[in-house]
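Heads up: the structure comes next, in structure tokens.
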Amino acid sequence: METNNRNIRNEIAEKLDDKVLRGALGRFAEAYPTARAKAYENVPDVDALREQVKNMKHNTVLNIEAVADQFEASVVKRGGKVFRAKNGDDLKQYLIDLCKARGVKRIVKSKSMATEEIHLNHSLEEAGLHVKETDLGEWILSLAGQRPSHMVMPAIHLNKEQIAEYFSKEMHRDIPTDIAYMVQAARQQLRQEFVLADMGISGANFGIAENGAIGLVTNEGNARLATTLPPIHVVIIGYEKLIPNIRDAAPILRTLPRNATGQLMTSYMTMVSGPTPYMVKEDGQWVEKEKELHVILFDNGRLNAAHDKKFQQIYQCVRCASCLNVCPIYTMVGGHVYGHIYAGGIGAILTAFLHTMEDFDKINELCIGCRKCVEICPGKIDIPGLIEELRSRNVDDKGLPLGAKLVFENVLSNRTVFHTLLRLAAIGQKPVKEGKFIRHLPLFLAGLAKDRSLPAVADTPLRDRIGKIKRTPAKPVKRVAFFAGCNIDFIFPEIGESAFKVLQDLNMDVVFPEGQNCCGKPVLGMGDRDTAKKIARKNIEVFEAANADVILSACPTCAETWHQTYVELFEDDPAWSQRAKAIGHKMREFTSFVAEQYAAQKRLTKTTGGTKVTYHDSCHMKRGLGIYEEPRQLLDSAKGYELVEMHNCDKCCGMAGAFGVKYTELSMPILKQKIEAIKASGAEVVAVGCPACLMQIQGGLDKQAPSIKIKHVAEILAEGLPDNK
């Protein structure tokens, strides 16, 4: 792939217009969660199983050199040969030399993403060898001249009509679109390849150090034929597939099929342990000969990851691709837009290590950080967190783009300048403002407001309203410092006013520290840790001076940034680390804090028969902070409301900070799915706990379902309070 020649915008547009791809991915994404859940029904503790995978793989990578040495010794002891390939060139040269030495002319391949990684087929064919893919999906793609779009289902983006056309061309006869017939035709076509092959090349789902065996899980059995029929078997296995002993294969086998395709187990589970005899006809007689087994341990950047404290996590990947199956972006555009062989968030990370940071830079923004992948990954890999780490390292090496650098260093980190510009924006937007919305934009900006109205900057920010809403209780039970964040301070100040009312109703003294600034998340999202630290230090100083019992935010992204990211930012700075931990410990998210107080006062009494309200789970709230029951408890007890659930209530709304503006073409289809789910729920009101989600969904409702209203949970709670609170 020519990285510098890619136009990823054009590639995304092409995939969004591909109705076959959109249909196939959409149907699978809809069916997958149910299939996976059903497959796990007989697993009593799924999280414990995932923890087992995580710990086993983590402990392995900590000793990867020793495990690799043991694996090599075990393979050799059983009669195999091991070659350690530093990179793709080493691997290709070893194979080509081996083919020349053994007179190999024909090769069958199966189940090897690592060979796709280095375009092995092309190199072998250039060397004059006949190479045939035999995994059905891979074979189809070889006929189509395409790359895999999924790690487990490489041809998921094609339909049976397209496949029948490729088959007909290859077999020189008409192949009907009957799936059973097509499978049989493929089987007949490939059988001769297995029989005539001089060499079989396979990958491996795992390699066991204690006995030198490799394991393969497949649904077709072609990998088993590739490993058994030809006289030479070559295994190409990355270091990340090694495990210490055979017992460690169990958690992989229990999670991989369930997570990949919702199967309890695949149709075939093959173990290969050393070369075995095979039968060959010589001079009209069948004679027994010993097979050759060659194992190539493939590095290509994997050992760099193993020795990197942060990125050791990628060794916890079992290549089930479940992260793709739930990724809002992948399920719309498929895998080809990610450029290389590995797709989705994990693909972006692998691309950085197995290819180049330039390749990663092209696709890193296709992770919107919704963390749906983290929720189901068998190895519990923090994919969005690792992508943010790579972004930061990229900025450390190359710096920010000039425009972003100027904005971050001179505007976002300077509260006075930033807030002055927001106040000017409130004035400047008047020609295009309609009430609280900007519904139309001129010229090249028109697309931003095509299917979604944009929020207007408030005429009066929250900080200028505090004097009118502030009450000082005589004997407050707590002193609360309110952190507004940019959205509540300048876009939705009414949410802040409602939060003040709710907290003051709980007899709390609520203060608004004037020196507070943006939490820094937008800066961190671009990888600029230096500016983020500058912002964090200022916020910490301001809120330390507030001397509050609790710091509270009605924005889960801000709350998570304070609670977790500030601590991580200063992990190498003992003095600030201590201050970040102390202040972060005080940070609370609004709904969880209020639900706790209401429960203590026995105010969480379920109500029925009011206006139907449905709740949208923010990604940062549910999967970042683990908060999803508390807002529902508050809504269940809110006067005049009846809570009803919507389909996919925790699916991302498509905002994801700047992503929702920068990638409007991707954000809008995700938003449309959310609006359809809201409409289908029959709710008249949508409740959210996140102002960024409110911004996105409110804009979508205004254009697509204006009769449905949206409110922050704080606003719904404040409605039920007496006016004088």
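Brief remarks on what is shown
- Test for Y278: is it among the hydroxyl-bearing types (S, T, Y), within 30 Å of D89 (Cβ to Cβ) and either part of a strand (DSSP E or B) or open to solvent by less than 50 Å² (accessible area, probe 1.4 Å) (or both): no
- Qualifying residue in the stretch 468-484 (condition: among the aromatic types (F, W, Y), touching a residue at least 60 places away in the same chain (Cβ under 8 Å) and either open to solvent by 10 Å² or more (accessible area, probe 1.4 Å) or assigned to a loop (DSSP other than H, G, I, E, B) (or both)): no
- Listed by first and then second residue, the pairs linking a residue in the stretch 530-544 that is surrounded by 21 or more Cβ atoms within 10 Å (Cβ to Cβ) to a residue that is of a type in the set (S, T, Y), with Cβ atoms under 7 Å apart and 6 or more places separating them unless they lie on different chains, are T531/S413; I535/S413; A536/Y566.
- Tallying residues that are within 20 Å of R224 (Cβ to Cβ) and either touching a residue at least 40 places away in the same chain (Cβ under 8 Å) or part of a loop (DSSP other than H, G, I, E, B) (or both) within the stretch 242-274 yields 18.
- Filtering the stretch 340-370 to residues that are under 23 Å from K241 (Cβ atoms), open to solvent by less than 30 Å² (accessible area, probe 1.4 Å) and of a type outside the set (V, I, T) leaves H340, Y342, A343, G344, G345, G347, A348, L350, A352, L354, D359, F360.
- For first residues located in the stretch 363-384 and basic (K, R), partners that are modelled with pLDDT of 95 or more and open to solvent by 20 Å² or more (accessible area, probe 1.4 Å) and lie 6+ apart or on another chain with Cβ distances below 6 Å form the pairs R371/R623; K372/V326; K380/R50; K380/K54.
- Failed item, numbered, when K703 is tested on (1) modelled with pLDDT of 95 or more; (2) touching a Ser or Thr at 6+ places or on another chain (Cβ under 7 Å); (3) open to solvent by 30 Å² or more (accessible area, probe 1.4 Å); (4) within 16 Å of D451 (Cα to Cα): (1)
- Filtered residues of the stretch 643-667 (kept if aliphatic (A, V, I, L, M) and either free of Cβ contacts under 8 Å to residues at least 12 places away in the same chain or not in a loop (DSSP other than H, G, I, E, B) (or both)): L643, V661, L666
- Every pair of residues 6+ apart whose Cβ atoms lie under 8 Å, when the first sits in the stretch 391-409 and is free of Cβ contacts under 8 Å to residues at least 60 places away in the same chain and more than 17 Å from F311 (Cα to Cα) while the second is in a helix (DSSP H, G or I) and open to solvent by 70 Å² or more (accessible area, probe 1.4 Å): G399/K405
- Taken as a whole, the condition of being among the acidic types (D, E) and closer than 23 Å to T591 by Cβ does not apply to E676.
- Every pair of residues 6+ apart whose Cβ atoms lie under 8 Å, when the first sits in the stretch 275-303 and is in contact (Cβ under 8 Å) with a residue 40 or more places away in the chain while the second is among the aromatic types (F, W, Y) and open to solvent by less than 20 Å² (accessible area, probe 1.4 Å): L297/F71; L297/Y239; F298/Y239; D299/Y239; R302/Y239; L303/Y239
- Residue in the stretch 55-70 that is more than 19 Å from E210 (Cβ to Cβ), modelled with pLDDT of 95 or more, among the aliphatic types (A, V, I, L, M) and buried (at least 19 other Cβ atoms within 10 Å of the Cβ) present: no
- For the stretch 117-140, the set of residues classified as charged (D, E, K, R), assigned to a helix (DSSP H, G or I) and open to solvent by less than 40 Å² (accessible area, probe 1.4 Å) consists of E117, E138, listed by residue number.
The values are calculated or read from the model by the stated rules, or taken from the named source; none is laboratory data. Predicted model, so just to flag it, every value in this text is computed and none were measured. Cβ coordinates were reconstructed from backbone atoms using ideal geometry, including for glycine residues, and neighbour counts include every protein chain displayed. Ligands, DNA and RNA are excluded from the accessible area calculation, which covers all protein heavy atoms including side chains. Shrake-Rupley method; radii C 1.70, N 1.55, O 1.52, S 1.80 Å.
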